[in-house]
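Trainee: Sharing a structure, written as structure tokens. Questions coming.
Taken together, the values in this text are just the output of simple stated rules run on the coordinates, not laboratory data. On a predicted model such as this, the values are computed, not experimentally measured, just so you know. Cβ placement follows ideal geometry from the backbone for every residue including glycine, while neighbour counts extend to all protein chains displayed.
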Amino acid sequence: DKYPHINRGLDGIIAFSSTKSAIDGEKGELNYAGYNIDTLAENASFEEVAFLLWNDRLPKADELEELNKQLRAERDLPEPVLEYIRTTDKNAEPMSVLRTATSMLADFDDEATDNSPEANMRKSIRMTARMPAIIAAFSRVRDGKEIVAPLKEGSIAYDFLYMLNGERPGEKAEKVMDICLILHAEHGMNASTFVCRAICSTESEIYSGVTGACGSLKGPLHGGANTAVMNMLLNLDKDADVEAFIRERLAERKKVMGFGHRVYRTIDPRAKHLQKMSKQLAEETDTVYLYEWSDKIQQVMKDEKNIDPNVDFFSATVYYSMGIKPDLFTCIFAMSRVTGWTAHFMEQAENNRLIRPRQLYVGEKNQPWTPIEKR
Ligand code: CMC
């Protein structure tokens with residue numbers, strides 16, 4: 001490396017303290033505010049996890065009911081946001097539409113510039129309630145279908161699937177979606193959370209934090225990987241030799257999406273839950289070949305590189321088996337992670353200092369001025 005004292009990618013740098021989550025990369029363990037992800041995936045609802053991330057404790061029954069009431073009451077999108085969704089290019093990237101519409105929400109929120117903790121909490125609830133409606137509305141509009149208005153009942157997972165498909169989901173589909181939302185809600189100082197905290201640190205406001213975070217999440221090295229995984233699988237012929245395909249990719253030093261992680265040195269604990277669901281759903285939906293491919297890819301990656309799957313690898317086939325279009329996968333990640341982003345935004349605001357690292361300048365200095373006609 002030309003500049004060995006530069007920490008490229010801020011690898012291993014601890015820049016914040018946080019109570020929101022703990023990752024043990026060696027053990028493959030993840031906790032949200034004191035609760036193991038396995039415990040949460042098996043017992044919690046996504047709304048309970050949102051409360052946990054925002055308040056650092058589990059809600060009591062009446063508190064959860066109150067939060068659910070608020071989340072249901074805030075689902076409707078302002079008409080101009082719906083109009084934007086109706087009129088934007090049908091081929092636009094869904095994550096880009098989600099980013100723009102989330103940003104627009106600020107214009108129709110009287111509290112947009114109120115940075116008090118109370119207003120930030122209310123805006124966090126509002127964004128969490130509205131992002132699913134944005135994603136579902138755009139998905140329907142581009143398919144030439146009517147937008148389905150949100151219900152004033154049911155969980156976020158239930159209402160999202162209802163708005164997306166225009167029919168009420170079964171218990172099983174709701175449960176799978178709910179677990180997916182729980183698994184994606186928070187994950188330490190990942191790129192989008194860092195962006196969100198950096199935006200907060202300038203005393204900007206929370207819509208900007210989440211808008212910026214959406215822009216960061218959609219890249220294929222971060223949340224965009226789930227879409228990339230599915231596109232990779234769908235581009236293969238049904239009789240493809242998947243092992244040879246992966247070996248070839250690795251030989252060309254190309255990355256295999258959905259594998260590897262900056263922090264985990266073993267399997268991502270979220271991937272274990274998703275793998276189980278992916279297998280079950282594949283068996284139920286006649287897409288067993290996809291699961292078999294995934295299994296083979298996992299083996300080749302282990303043998304050749306000793307690299308394990310991350311959250312994005314099996315979530316891709318889970319969503320696909322549920323009939324969701326691949327380019328919406330990252331949006332589902334975002335509608336969950338908004339809880340983690342906003343939790344971090346509020347935590348940063350509580351004890352803020354401007355985020356302002358340094359760079360090593362490696363160019364020339366004090367050059368003589370050359371008139372334009374002589375350059
Ligand atoms: N496929 C093939 N090789 C890989 C992969 C992969 N997916 N990931 C890491 N490697 C190799 C990499 O080529 C390098 O090898 P070498 O030392 O021989 O050059 C070594 O492992 C270290 O990789 P790195 O890119 O320096 O590691 P990083 O910590 O900078 O990158 C990562 C982490 C997630 C960006 C990377 O693993 C990656 O690009 N994975 C694919 C994209 C992906 O699945 N992203 C989702 C991340 S998890 C959830 C989320 O945030 O959305």
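Trainee: Which residue out of N306, N366 is free of Cβ contacts under 8 Å to residues at least 24 places away in the same chain, within 16 Å of the ligand (Cβ to nearest atom) and exposed (fewer than 10 other Cβ atoms within 10 Å of the Cβ)?
Mentor: Sole residue among the options that is free of Cβ contacts under 8 Å to residues at least 24 places away in the same chain, within 16 Å of the ligand (Cβ to nearest atom) and exposed (fewer than 10 other Cβ atoms within 10 Å of the Cβ): N306.
Trainee: Of the residues that sit in the range 20-57 and are exposed (fewer than 12 other Cβ atoms within 10 Å of the Cβ) and in a loop (DSSP other than H, G, I, E, B), which one is nearest to the ligand (Cβ to nearest atom)?
Mentor: Selected residue: E26.
Trainee: Still on this structure, I have one more. Name the one entry in F314, F345, F329 that is more than 13 Å from the ligand (Cβ to nearest atom), of a type in the set (F, W, Y) and in contact with a helix residue (DSSP H, G or I) (Cβ under 9 Å, 6 or more places away or on another chain).
Mentor: None of the others qualify; the one that does is F345.
Trainee: Same structure again: Specify the residue that is nearest to M335 (Cα to Cα); the eligible residues are those in the range 221-258 that are within 8 Å of the ligand (Cβ to nearest atom) and of a type in the set (A, V, I, L, M). Break it down into steps so the answer makes sense when it comes.
Mentor: From the range 221-258, those within 8 Å of the ligand (Cβ to nearest atom) are 221-226, 228-229, 249-250, 253-258; that's our starting set.
Now narrow it down to the ones that are of a type in the set (A, V, I, L, M): 221, 225, 228-229, 250, 256-257.
On the way: L221: 18, A225: 16, A228: 18, V229: 19, L250: 33, V256: 25, M257: 21 Å.
Per the stated criteria, the residue is A225.
Trainee: If you don't mind, there's one more thing I want to ask. When you go through H261, H187 one by one, which is the residue that is near the ligand (Cβ under 10 Å from one of its atoms), more than 14 Å from the chain's Cα centre (by Cα) and either closer than 30 Å to G34 by Cα or of a type in the set (A, V, I, L, M) (or both)?
Mentor: H261
Trainee: On to the next question. Tell me which residues, restricted to the range 8-19, are more than 13 Å from the ligand (Cβ to nearest atom) and not aliphatic (A, V, I, L, M).
Mentor: In the first step, residues of the range 8-19 are kept if they are more than 13 Å from the ligand (Cβ to nearest atom); the result is 14-19.
F16, S17, S18, T19, listed by residue number.
Trainee: Please go through the range 268-301 and give me each residue that is within 12 Å of the ligand (Cβ to nearest atom) and outside any helix (DSSP H, G or I), ordered by number.
Mentor: D268
Listed here are the residues, each with its yes/no results for (1) touching a residue at least 60 places away in the same chain (Cβ under 8 Å); (2) of a type in the set (A, V, I, L, M).
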{"position": "T227", "(1), (2)": "yes, no"}
{"position": "L234", "(1), (2)": "yes, yes"}
{"position": "D241", "(1), (2)": "no, no"}
{"position": "E252", "(1), (2)": "no, no"}
{"position": "H261", "(1), (2)": "yes, no"}
{"position": "T266", "(1), (2)": "yes, no"}
{"position": "P269", "(1), (2)": "yes, no"}
{"position": "Y289", "(1), (2)": "no, no"}
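Trainee: Which one of G219, G212 is within 24 Å of T100 (Cβ to Cβ), out of contact with any Phe, Trp or Tyr (no Cβ under 6 Å at 6 or more places or on another chain) and assigned to a helix (DSSP H, G or I)?
Mentor: Result of the check over G219, G212: G212.
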